[in-house]
Amino acid sequence: MKKDIKSMTAEELEKELSLMGEKPFRAGQIFSWLHEKLAADFSEMTNLSKALRERLSENFFITALEPVEVLSSRLDSTKKYLFRLADGNVIESVWMEYHHGNSVCISSQAGCRMGCRFCASTLYGLARNLTASEMLEQVYRMQALQGKRVSNVVIMGSGEPLDNYDNFVRFLRLITDEKGFNLSARAITVSTCGLPDQIRRLAGEGIPITLALSLHAPDDEKRRELMPIANRYSLKEVLPACDEYFERTGRRLSFEYSLVRGVNDNEEEAKALAALLGKRSCHVNLIPVNPIKERNYARSGREEILNFKNILEKSGINVTIRREMGRDINGACGQLRRSYRQNDCREKEDRT
């Protein structure tokens, strides 16, 4: 069986090449082709002999993604990519341009099993975890297709990254490797529903990325209504794990709060959130929820959003309202994948 060469570290690749009787420097050349020059095929590796390229092709495969659908926003420069994986699953990735650089949002799983009520990613459950190479490829392919350098990566697409822990950490080590893509760990943000044990593990990995907790409620009762994972882990378990992450990495915490009209956006809940976060070194990102037709949630009005923000600011909490990117192209995670699956099912029914 062929091995996934793009998911290998430089050290692992050197061992594989050694077993093939090749000199160690060849591993460095190949690693550079994969992670610096973003080669999608062994034939592109022109400083390797034809014989070696053929041997590599016989023993390894290169994960290379091609988009099956690309949506371009008319409101801004956002592009949403739907990539098909080798097994037929599809995943979403988003390209966003800001004044400070180009950001990409990538998926860590095909689907998701966390079940958050307001998120389209969970509607079909979890298909499978993504490999490190499939996560890398989303970044690499968007950079190649756009012809511009990626400066920031957020792992906030479909899936719970810490539910795919080993592949996720391998992805982090590869994308930050100075011999490859060489992205700063400080330019990476991961969003999690809150898996305390995995948050603590991540704190000890020595990769100081930004941790963003999907909070969405100031208390366990409301959080359980919105996020089934809260039935397993209370805020008394999750927040200390986040505090430990800050203590061990020095990275300011980020808390995501999706505002749902009449559910979690009133004055009392804003005050409760301010009290919950207290004097933590943190940032709150308020997110007007993206409605999906399978749920009856609606986004909060502008007045409610601004009032919520003002209450937090008066309590000394750093807070922003997320700038909506790609609003006209199903920009929220899971929406494009959902519509693609629905269309695919309808086409199959029409053929039968």
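All conditions in (1) in contact with a helix residue (DSSP H, G or I) (Cβ under 7 Å, 6 or more places away or on another chain); (2) part of a loop (DSSP other than H, G, I, E, B); (3) at pLDDT 95 or above hold for E237, with the sole exception of (2).
Determine whether the range 185-193 contains at least one residue that is hydroxyl-bearing (S, T, Y), more than 27 Å from S77 (Cβ to Cβ) and either within 18 Å of the chain's Cα centre (by Cα) or buried (at least 20 other Cβ atoms within 10 Å of the Cβ) (or both). Within the range 185-193 (the criterion being hydroxyl-bearing (S, T, Y), more than 27 Å from S77 (Cβ to Cβ) and either within 18 Å of the chain's Cα centre (by Cα) or buried (at least 20 other Cβ atoms within 10 Å of the Cβ) (or both)), the answer is yes, since at least one residue qualifies. Consider the range 1-41 and keep the residues that are among the charged types (D, E, K, R) and surrounded by 16 or more Cβ atoms within 10 Å (Cβ to Cβ). The one that is farthest from the chain's Cα centre (by Cα) is E22.
A quick yes/no check of all residues on (1) modelled with pLDDT under 95; (2) in contact with a Gly (Cβ under 6 Å, 6 or more places away or on another chain); (3) closer than 18 Å to L65 by Cβ; (4) in the same structural domain as F255 (by TED's automatic domain parsing):
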| residue | (1), (2), (3), (4) |
| --- | --- |
| M142 | no, no, yes, yes |
| S151 | no, yes, no, yes |
| G159 | no, no, yes, yes |
| Y165 | no, no, no, yes |
| F168 | no, no, yes, yes |
| R173 | no, no, no, yes |
| R186 | no, no, no, yes |
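If the condition is being closer than 18 Å to L136 by Cβ, part of a helix (DSSP H, G or I) and among the polar types (S, T, N, Q), then the range 30-69 contributes only S32. Selection over the range 259-280 of residues that are of a type in the set (G, A, S) and modelled with pLDDT of 95 or more gives a count of 4.
Within the range 71-88, the residues that satisfy the criterion of being closer than 13 Å to Q138 by Cβ and either more than 30 Å from the chain's Cα centre (by Cα) or without any contact (Cβ under 8 Å) to a residue 60 or more places away in the chain (or both) are F83, R84, L85.
Only one entry in N264, N285 is of a type outside the set (A, V, I, L, M, F, W, C), within 23 Å of the chain's Cα centre (by Cα) and crowded, with 16+ Cβ neighbours inside 10 Å, namely N285.
Could you tell me whether any residue of the range 266-281 is touching a helix residue (DSSP H, G or I) at 6+ places or on another chain (Cβ under 7 Å), within 23 Å of E205 (Cβ to Cβ), part of a strand (DSSP E or B) and touching a residue at least 12 places away in the same chain (Cβ under 8 Å)? Within the range 266-281, not a single residue is touching a helix residue (DSSP H, G or I) at 6+ places or on another chain (Cβ under 7 Å), within 23 Å of E205 (Cβ to Cβ), part of a strand (DSSP E or B) and touching a residue at least 12 places away in the same chain (Cβ under 8 Å). Scan the range 45-58 residue by residue and report those that are within 30 Å of G88 (Cβ to Cβ) and surrounded by 14 or more Cβ atoms within 10 Å (Cβ to Cβ). Residues satisfying the conditions are M45, R53, R55, L56, S57.
So is Y297 surrounded by 15 or more Cβ atoms within 10 Å (Cβ to Cβ), touching a residue at least 24 places away in the same chain (Cβ under 8 Å) and not in a helix (DSSP H, G or I) or not? Yes: the conditions hold for Y297. Here S72 fulfils each of the conditions (1) in the same structural domain as N296 (by TED's automatic domain parsing); (2) out of contact with any helix residue (DSSP H, G or I) (no Cβ under 8 Å at 6 or more places or on another chain) apart from (2). Looking at the range 210-221, can you tell me whether even one residue there is over 19 Å from V319 (Cβ atoms) and touching a residue at least 40 places away in the same chain (Cβ under 8 Å)? There is no residue in the range 210-221 that is over 19 Å from V319 (Cβ atoms) and touching a residue at least 40 places away in the same chain (Cβ under 8 Å).
Checked against (1) of a type outside the set (D, E); (2) outside any strand (DSSP E or B); (3) touching a strand residue (DSSP E or B) at 6+ places or on another chain (Cβ under 8 Å); (4) touching a residue at least 60 places away in the same chain (Cβ under 8 Å), Y140 passes all but a single condition, namely (3). Using the structure shown, decide if I106 is in the same structural domain as L71 (by TED's automatic domain parsing), crowded, with 21+ Cβ neighbours inside 10 Å and closer than 18 Å to A212 by Cα. Yes: the conditions hold for I106. Among the residues of the range 178-209, those identified as in contact (Cβ under 8 Å) with a residue 12 or more places away in the chain and among the polar types (S, T, N, Q) are N182, T189, S191, T192, Q198. Hey, does the range 112-131 have a residue that's touching a Phe, Trp or Tyr at 6+ places or on another chain (Cβ under 6 Å) and either in a strand (DSSP E or B) or modelled with pLDDT of 95 or more (or both)? The answer is no; no qualifying residue exists.
The condition (being out of contact with any Phe, Trp or Tyr (no Cβ under 7 Å at 6 or more places or on another chain), among the aliphatic types (A, V, I, L, M) and under 24 Å from I207 (Cα atoms)) is satisfied by just one residue among V238, V319, V284: V238.
The values are calculated or read from the model by the stated rules, or taken from the named source; none is laboratory data. This one's a predicted model, so the numbers in the text were calculated from it and none came from an experiment. We place every Cβ from the backbone using ideal geometry, glycine too, and count neighbours over all the protein chains shown.
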